Amino acid sequence: MGEQGGQLQYWIELQTLYTHSRYLELYQLRSGNIERMIGIVLAMTSSVSIGGWAIWREYAFTWAVLIIASQVVSVIYKFLPFKSRIKPLSSVGSELSVLVDGAEHQSLEVAFGMMPEQEINDLRFSIRAKKTAIMKSAFSGMALPENTQLMRKAEQRMSAYFKSHYPELNHD
């Protein structure tokens, strides 16, 4: 590998780590919003159904169906996978942000050639191992489905961040 091969690989690792950190942050926000909306809809459906039943007794069957449906959704809602991901997403997001900050701090030594190639390579794999350990610890046995829209948004945020913080770099 060339003189700057390790530097380039480290830079790519840093950008990938930053992107994944933003992706998980966006995923957490999305999951929280879904949870909140389901909770609001269930609360409103239940309240409106009971109120509607009291006011329009001739539609009692309709109101009863709405109440039963909201109760069924309430029970199922507790077992939906996105709900169980919210807490791990929060902890992973925080831990990856700390890892990103540390990796970015060390990037100065990498960029100015203050480290030999082997040290850069070891550092890169150390960062990757820490990321894997963080993910396994939070999501042991749980899969996180990919959301391409959120990934694109995370990549855009990464690109904007690196363009604003490192304008001297080529951002093609």
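Since every read-out is calculated from the coordinates, none of them should be taken as a lab result. This structure is a prediction, so every number in the text was calculated from the model and none was measured. FYI the Cβ positions are ideal-geometry reconstructions off the backbone, even for glycines, and counts take in every protein chain you see.
Here are some notes:
- Relative to the dominant Cα principal axis of the chain, helix 148-165 is inclined by about 40°.
- Placing pseudo-labels 7 Å out from each Cα toward the beta carbon at residue 69 and residue 29 gives an inter-label distance of 3.2 nm.
- Region 49-87: trypsin sites (Lys or Arg not before Pro) falling in loop per DSSP and having at most 16 other Cβ within 10 Å: 78
- With a simple spin-label model that places each label point 7 Å from the Cα along the Cα-to-Cβ direction, the separation between residue 125 and residue 164 comes to 3.6 nm.
- What you get for region 29-172, charging only the Cβ of Lys and Arg (+1) and of Asp and Glu (-1), is a dipole of about 780 debye around the Cα centre.
- Within region 72-172, chymotrypsin sites (Phe, Trp or Tyr not before Pro) in DSSP loop having at most 12 other beta-carbon neighbours inside 10 Å: 79, 112
- Separation between Cα centres of region 54-75 and region 1-39, rounded to whole Å: 43 Å
- Residue among 20, 7, 40 farthest towards the positive dipole end of the chain, charges placed on Cβ: 40
- Paramagnetic reach from residue 117 in region 1-32 [backbone N under 18 Å; point 7 Å along Cα→Cβ]: 1-13
- Length gained on full extension, residue 78 to residue 136: 18.6 nm, using 0.36 nm per residue less the C-alpha separation.
- Axis angle, to the nearest 10 degrees, between helix 81-111 and the longest C-alpha principal axis of the chain: 20 degrees.
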